[in-house]
Every structure is written in C-alpha cells, then in structure tokens.
1. Quick check on my filter: what residues within region 98-119 are surrounded by fewer than 18 Cβ atoms within 10 Å (Cβ to Cβ) and in contact (Cβ under 8 Å) with a residue 40 or more places away in the chain?
2. Mind listing whichever residues of region 23-57 are in a helix (DSSP H, G or I) and either at positive phi or not small (Gly, Ala, Ser) (or both)?
3. Among the residues that make up region 160-180, is at least one of them not in a helix (DSSP H, G or I) and not hydroxyl-bearing (Ser, Thr, Tyr)?
4. Going through Ala237, Ala256 one at a time, which residue ends up being surrounded by fewer than 16 Cβ atoms within 10 Å (Cβ to Cβ), among the aliphatic types (A, V, I, L, M), within 26 Å of Leu98 (Cα to Cα) and at pLDDT 95 or above?
5. Determine whether Thr205 is under 25 Å from Gly152 (Cα atoms) and either modelled with pLDDT of 95 or more or out of contact with any Pro (no Cβ under 7 Å at 6 or more places or on another chain) (or both).
6. If a residue must be buried (at least 20 other Cβ atoms within 10 Å of the Cβ) and over 19 Å from Arg153 (Cα atoms), how many such residues does region 8-25 contain?
7. Please specify each residue of region 37-69 satisfying the condition of being touching a Ser or Thr at 6+ places or on another chain (Cβ under 7 Å) and either aromatic (Phe, Trp, Tyr) or free of Cβ contacts under 8 Å to residues at least 12 places away in the same chain (or both).
8. With Gly108, Gly124 as the choices, which residue is of a type outside the set (Val, Ile, Thr), modelled with pLDDT under 95, in the same structural domain as Met13 (by TED's automatic domain parsing) and on the phi > 0 side of the Ramachandran plot?
Amino acid sequence: MSSCIAFIGGGNMASAIVGGLRRAGYPAEDLLVVEPFEAQRERLAADHGVHALPAADASLARARAVVWAVKPQLFQEAAKPVAPHVSNALQLSVMAGLRADAIAQATGASRVVRGMPNTPALIGQGITGLHASAAVTADDRALVDQLLQPTGRTVWVDRESDLDAVTALSGSGPAYFFFLVEHMVAAAQALGLDEPKARELALATCGGAAALALHSGESPTALREKVTSKGGTTHAAIESLQADGVGDAIERAVKAAHRRAGELGDEFGRA
C-alpha cells in the first residue's frame, strides 16, 4: 500500500494545502484527512476528491507525514487516537503556540516541524515560518517545502523561539494591513469618495506598493523617501503620522503580539 500525507483537521489551512497539492497533480488517493464535521468532509470530497475520515483509524499508518491543523486547545484530545499509528511519520504542525516537545510527546514521534502560516496562504500568496527539531532530515525539510509550496513562500528559522516573532510579524501581520486599509478607506470616504472606489484604490495601492518593495531590492525606507518630496502631499502625511507616534505604535503592537505568542505557548505548548 502506498504512503500518504495525512491531515488532522480539514479546515481552511488544511484545505488550502490539500487544494494546492491537488492542483499540482498530487493523487487524491495519497491524501487522507481526519475531519469530524460531516459538512466539511463532504466539501473536501466535492472540492478536491479526497477521502476524509470522521475519526482516526489504522489507515493513518500509511502516513509518511502528518499535518496537524486543529485548534491548539483541541490538540491533546485529537492526538490520542492518532498517536498509535503515526510515531514513525514526520509531524508538521500549523497550530499556533504548540511547541515541538508537546507534539513529540503526544504523538511519540521524534521528527517535528512547526510552521506559522498566514491567511494569504488561502490564495497561494502566504508565507510560512518554519522550525525543525533536531531529528528532522534534509529530505523531511524538502517534503515540508513541497507540501507548503502551493500556499506561498517558506522561511526556515534556527530557533523555535523565533516562531513567536514570526507569529507577531507575518502570522498576525495581515490584520495590521487590513486595519490600515480600513482607516485609509474611512478617510477617503470622509473626503467624498464612495466606499467601493475608496476600497479599490486603497487595496490596489497597498498591493502595488508591496509588489514594488518585493521586486525593487531597495529598503522600505529608501522607497518611502523616493515618494516623499519635501513640502509635498506625502511629506505632509508622513509628518502627521510621525507627530502622532504611529511608527512607535506599530512597533508596540508587534511586540504585544510577540508577548501573547509566548503566553499561548506557555498555555498550550508545554509537553
């Protein structure tokens, strides 16, 4: 019997990975999902043609890798029926906070990779920070990169604690962006633009600016300075932001998210 990739949890992130693998030609019979909710199992079958189980069983012994995509507070309970079948498999967690030692102890596995994706992964534009435990091989890393390639980019970090910083920056980062766009749109509406036009202009501007920054090779500071002519409109806006301490507020926000990531790790991630 051929090996498979098993997913514990069939929600948005698991669906994003499964869908990407299927689009890349990965056989449906080599993907297995454990998902207790019938409606989601039916959606996975209809959308991706994969078999989804209502509960873990011995078929999980086929798994060469197990992708953990359940809520962190549900992990310990979910792991109990899975562990007897997967101790020899690579464990890939996309759960926030769950530390590698807790995953290893609950599954009996020594090869654990922790990942922190973000929501743009749902459209193949995400980025996932990854950390590998000492037992993870080069082939294991290559497999993880292959599994996550449909969701966007991957970045490996050397220390597991660095995943808290990844969480604060890119894991939570889309919300910072949406918050900024909310207020850009509100300001444009106050100046007389209707909401659809304001939203289109704001999103296209932010998307284009991000694309320019990715492709130019210049620092964000250099790019900002290029469009900030002294005495001009952009200069007036940047001076207002600086006077209101927006830069310091952003740094405090990222640090607050980092602090909370550590707290979640203490709450859910201890073995």
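The values are calculated or read from the model by the stated rules, or taken from the named source; none is laboratory data. In this text the structure is predicted, and so the values were computed from the model without any measurement. Every residue, glycine among them, receives a Cβ derived from its backbone with ideal geometry; neighbour counts consider all protein chains shown.
1. At the first step, the residues of region 98-119 found to be surrounded by fewer than 18 Cβ atoms within 10 Å (Cβ to Cβ) are 101, 105, 108, 110, 119.
Asp101, Gln105, Thr119 - these are the residues of region 98-119 that are surrounded by fewer than 18 Cβ atoms within 10 Å (Cβ to Cβ) and in contact (Cβ under 8 Å) with a residue 40 or more places away in the chain.
2. Listed by number, the residues that qualify are Arg23, Glu29, Asp30, Glu38, Gln40, Arg41, Glu42, Arg43, Leu44, Asp47, His48.
3. Of region 160-180, the ones not in a helix (DSSP H, G or I) are 160-161, 172.
Imposing the further condition that a residue be not hydroxyl-bearing (Ser, Thr, Tyr) reduces the set to 160.
Yes, there is a match, as at least one residue in region 160-180 is not in a helix (DSSP H, G or I) and not hydroxyl-bearing (Ser, Thr, Tyr).
4. Numbers: Ala237 fails: within 26 Å of Leu98 (Cα to Cα).
When all the criteria are applied, what remains is Ala256.
5. Yes.
6. So the answer is 3.
7. Answer for region 37-69, where residues must be touching a Ser or Thr at 6+ places or on another chain (Cβ under 7 Å) and either aromatic (Phe, Trp, Tyr) or free of Cβ contacts under 8 Å to residues at least 12 places away in the same chain (or both): just Trp68.
8. On the way: Gly108 fails: modelled with pLDDT under 95.
Gly124 is the lone residue from the list that is of a type outside the set (Val, Ile, Thr), modelled with pLDDT under 95, in the same structural domain as Met13 (by TED's automatic domain parsing) and on the phi > 0 side of the Ramachandran plot.
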